[in-house]
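What follows is one structure encoded as structure tokens, with my remarks underneath.
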Amino acid sequence: MNERLKFLKSVKPFHLLGDDVLLGVLDLLEEVTYPKDTLIYHQEATKLRGVDLIVTGEYESFFYDSAQNKRVLEYHGAGYCYGGISMLLNRKKSLRTVIAKKGTVVYHLPKKDFRALAKSSEGFLHHFTQEFGIRMLNEEFAHFVKRPTSFDENYIATDQFYSRRIESIEYRDIVTCASTAPIYQAARIMAQHKTSCLFVKNEVGQIAGYITDITLRDNVVAAQEDVRGQAREIMDNPIVSIRKDAYIYEAILLMFRTKTRYLLIEENGQYVGMISRSKLLSDQAQSPFVFIQSVKLARSVNELKARWERVPEIVMQLLLRGAKSEIINQVITTVADTIAQKVIEEVIAIIGPPPAKFVFMVLGSEGRKEQTLKTDQDNAIIYEDKANEQRELVRAYFLKLSDMVSERLDTIGFSYCTGGYMAKNPKWTHSLSHWKRNYEGWMQELVPETAIQFSTFFDCRYLYGDFAIMQELVGFLDQKLQEPMPRLFYYMAKNALQYEPPLTFFNNIKTFTVGTQKVFDLKKAMTPIVDMVRVYALQNRIFKTNTGERIQALRDAGVFTEVQSQELLQSYYYLMGLRLRKQASQIMNDKAQPDNYLDLNSLTKIEQVTLKEIFRTINDFQLGIKVQFTNNLFG
């Protein structure tokens, strides 16, 4: 008997097939030899091209856990068929990671031929489904199989995603028309160039707006506009651009924040191309940013609630793939912003258009774009000043808006702020002139309580509405901060010194007991960095809200040295990473509400030493702020 045929008859479930079928299979087999310790397949990442029949040598198969430990380790020798379960029951992705040992030889059967055999023989197919069912009785095997994989990505691809820049991808040329061009001509240019976005240039040749397929639908067809009218009459704005050397993830987040579908790409002050959101997202089909798109498409409070409940899964996947904490913060913040914007739009659709221009702004950690998975509502409303006879009507509208928005956000999972720092509180929904008086009063009253309020509301960020109102408030603050205010900085510095790093006199980490665990509070450990950086940002009139961005701006202004800025950035985001990992684990693995307590015993010796160094760094900065601000009270 042919040796290959004899071998094939020894391999389950090929032994169930007749000789005439097996003889046909022999012609389809490709012989492959692997050198020692070759990584062939990566779990949930490698798409199989077929199945492997081991002739000689050995396959080692296992699951990697989050710490890269090998779990449910198995060895498969000659006569074993690998890949059938993955091919038939796991979307053609390898269920496990596989390493070939030295001198391993396999016969490879292409997927189309394997699937044809499975279709033609019920017993052949049943072998794999039965094997999978038996394996699923093993709790550890079942645990790894059932892990969420909706957005599971190839490790290498993920690393490339967070390191790739816009310049590394293909973008399109910019197609333009004059602002005075007839609308029908603009549409004709779009058809000729097969583009869904046409940029409109003004009289001096600058891009002033754009026209898309949606623009033509909404602004021309639905509005029954004369197609002989000029392009400038129906174009959309604003123009949003990004540097050519920016990262892809930055471009996607920018698109979601600005709600634009097209980005102009800038190099040395010139526009060199454009790219669409659909293009970027199609390139990242398994990335968390597709999830953000699904949030934008949600149509009800229940759908938004379901999306928010998926965020811990996204966070855990990003953490396991080594994504930076600042990127994860941005993802969480972008999802939270998108949800809040959807809620505000929904409420406005119910109660009618606002009677005045307004801004819905976010505060605290959300204002700083540093949200974690334990978050509540911190927001406020500023509306434009109106004549006396309209004031009560305007105020009543915005109080109703804020009440309905807060109620929906609470239902979705953003709990009410226990300190009352939210628009639902009538104290934090007011006119622009009233808000200016608020800030001025906080800066002049010079007591610890108002310094804390000023700190909270200095971390304010535009979320929805008329951005010009926010700009006017920031301009007002900028002007006021140019006046001498030593006592304001004194009290804010005192506030920054309120929380000390949890170190004992002998430089051990100070803990307290919760249940049976010895823990410390991660949020309080991070607070001194946030507070210290805020004081310096205020003193130097830096209006960035994010702590990392403030540190970099202070470095650029010469306030911090390069070494100091790196120490602060590394310390802050290291703590943030620990905090996010702990909270995601509580939600995903323990089905528990997240908190900010970290068990010291859960950390390795290296992690504990790193924490001690971080806390010493914070101590040094607190000493500096104490000397600079609190000792200069009367000097």
*How many residues, within the range 82-107, are over 40 Å from the mean Cα position of the chain (by Cα) and under 28 Å from SER121 (Cβ atoms)?*
4
_Please pick out the residue among ASN302, ASN329, ASN268 that is more than 17 Å from the chain's Cα centre (by Cα) and closer than 30 Å to PRO594 by Cα._
ASN302
*asked:* If LEU73 satisfies all but one of (1) within 19 Å of PRO110 (Cα to Cα); (2) without any contact (Cβ under 8 Å) to a residue 60 or more places away in the chain; (3) out of contact with any helix residue (DSSP H, G or I) (no Cβ under 7 Å at 6 or more places or on another chain); (4) not β-branched (Val, Ile, Thr), what's the number of the condition it fails?
replied: (1)
*Please specify each residue of the range 336-386 satisfying the condition of being touching a Lys or Arg at 6+ places or on another chain (Cβ under 9 Å), in a loop (DSSP other than H, G, I, E, B) and of a type in the set (Val, Ile, Thr).*
THR372
*Please find, among ASN388, ASN379, the residue that is outside the structural domain of SER585 (by TED's automatic domain parsing) and free of Cβ contacts under 8 Å to residues at least 40 places away in the same chain.*
ASN388
*When the residues of the range 555-578 are filtered to those that are surrounded by 22 or more Cβ atoms within 10 Å (Cβ to Cβ) and more than 21 Å from LYS374 (Cβ to Cβ), which remaining residue is nearest to the chain's Cα centre (by Cα)?*
LEU568
*Positions within the range 372-392 being of a type in the set (S, T, N, Q) and modelled with pLDDT under 90, in sequence order*: THR375, ASN388, GLN390
*Give the range 75-98 a look and list any residue that's at positive phi and modelled with pLDDT under 90, or say none.*
ARG91, LYS92
*Going by the structure shown, is PHE520 over 30 Å from THR338 (Cα atoms) and within 30 Å of the chain's Cα centre (by Cα)?*
yes
*asked:* Residue under question is MET316, and the condition is that it be in contact (Cβ under 8 Å) with a residue 12 or more places away in the chain and either assigned to a helix (DSSP H, G or I) or surrounded by fewer than 20 Cβ atoms within 10 Å (Cβ to Cβ) (or both); does it hold?
replied: yes
_Hits in the range 362-400 (condition: farther than 23 Å from ARG437 by Cα and of a type in the set (A, V, I, L, M, F, W, C))_ = LEU373
*Inspect all residues belonging to the range 549-556 and state whether any of them is closer than 22 Å to LEU318 by Cβ, free of Cβ contacts under 8 Å to residues at least 12 places away in the same chain and assigned to a helix (DSSP H, G or I).*
yes
_Residue satisfying all of: in the range 279-300; part of a loop (DSSP other than H, G, I, E, B), among the small types (Gly, Ala, Ser) and over 17 Å from ALA340 (Cβ atoms); modelled with the lowest pLDDT among these_ = ALA285
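The values are calculated or read from the model by the stated rules, or taken from the named source; none is laboratory data. Just so it is clear, the model here is predicted, and its values are computed rather than measured. Note: ideal-geometry Cβ built from the backbone for every residue, glycine included; neighbour counts use all protein chains shown.
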